[in-house]
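Report on the following structure.
The values are calculated or read from the model by the stated rules, or taken from the named source; none is laboratory data. Since the model is a prediction, treat every value here as computed from it, not as a measurement. Backbone-built Cβ (ideal geometry, glycine too); neighbour counts: all protein chains shown.
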């Protein structure tokens, strides 16, 4: 399979078209579901590396685009954490069967946790890469200068430059307000499955201490944090991808034992 293959479409009840690629493997569960980051999509380096790994190992794999991302319908600026989490839960419920391991990158790590809280009986394990729960409040809103906060209230949105593309991020007031309703790091996270977190120490977007806060707040006793000395936010170098698939392989072996 190549990235040029057209995705399949899952239509939500409200008419939203969720684009996805699914590989149906012959190995027993668990399957693997990948959740991408903010303004990212299912054709990124980590998603494709996982796709290739799951195909080599004949394991179920699902990658998809949230509404307003990639090849799904909708406008990005209409999206919220709640809506994107709804998309993830809907895709898992409609397109997978049996236990799943969720893999979340950056914002996808937040979506991963929210989806797991709603689908506890279906989730065998979690693997987060620079997972960024609560980022709308802690990494965006709390860092804004007073004039930017005023503009957000006045205009309903602001533009923030990004290192990940030519176009700035458009941050809406609705996104910030909805993010507050989904914050996880101020309370315990009532999940008991095995969790693996990989975090770069040179990540300029998500502080490495975030991974330790997730670990501390999770109810599960089986949580491991891997800190990568030279790792950046993308964690997409060859060594990073090997670490990702190796961690996934060990997690699958553990939950399958």
> Considering only residues of region 45-78 that are touching a residue at least 60 places away in the same chain (Cβ under 8 Å) and touching a strand residue (DSSP E or B) at 6+ places or on another chain (Cβ under 6 Å), which is surrounded by the fewest Cβ atoms within 10 Å (Cβ to Cβ)?
Replying inline: 77
>> I'm told residue 42 meets every condition in (1) surrounded by fewer than 24 Cβ atoms within 10 Å (Cβ to Cβ); (2) in contact with a helix residue (DSSP H, G or I) (Cβ under 9 Å, 6 or more places away or on another chain); (3) assigned to a loop (DSSP other than H, G, I, E, B); (4) on the phi < 0 side of the Ramachandran plot except one. Can you identify the failing condition by its number?
In response: (1)
> Within region 168-257, which helices (runs of 4 or more DSSP H) (wholly inside it) include 2 or more residues that are in contact with a helix residue (DSSP H, G or I) (Cβ under 7 Å, 6 or more places away or on another chain)?
Replying inline: 173-180, 238-256
> With 171, 160, 189 as the choices, which residue is surrounded by 19 or more Cβ atoms within 10 Å (Cβ to Cβ) and under 20 Å from residue 40 (Cα atoms)?
Replying inline: 171
> Residues of region 192-205 being free of Cβ contacts under 8 Å to residues at least 40 places away in the same chain and either crowded, with 21+ Cβ neighbours inside 10 Å or within 16 Å of the chain's Cα centre (by Cα) (or both), which ones?
Replying inline: none
>> Looking at 232, 166, 240, can you tell me which residue is over 15 Å from residue 140 (Cα atoms) and exposed (fewer than 12 other Cβ atoms within 10 Å of the Cβ)?
In response: 166
> Of all residues in region 1-22, how many are in contact with a helix residue (DSSP H, G or I) (Cβ under 8 Å, 6 or more places away or on another chain), crowded, with 18+ Cβ neighbours inside 10 Å and free of Cβ contacts under 8 Å to residues at least 60 places away in the same chain?
Replying inline: 1
> Of all residues in region 93-122, which are more than 14 Å from residue 60 (Cβ to Cβ) and crowded, with 24+ Cβ neighbours inside 10 Å?
Replying inline: 104, 105, 106, 107, 108, 109, 110, 111, 112, 113, 115, 116
>> Quick check on residue 143: is it at pLDDT below 95, more than 16 Å from the chain's Cα centre (by Cα) and within 24 Å of residue 227 (Cβ to Cβ)?
In response: yes
>> Among the listed residues 17, 116, 49, 88, identify the single one that is at pLDDT 95 or above and closer than 21 Å to residue 177 by Cβ.
In response: 88
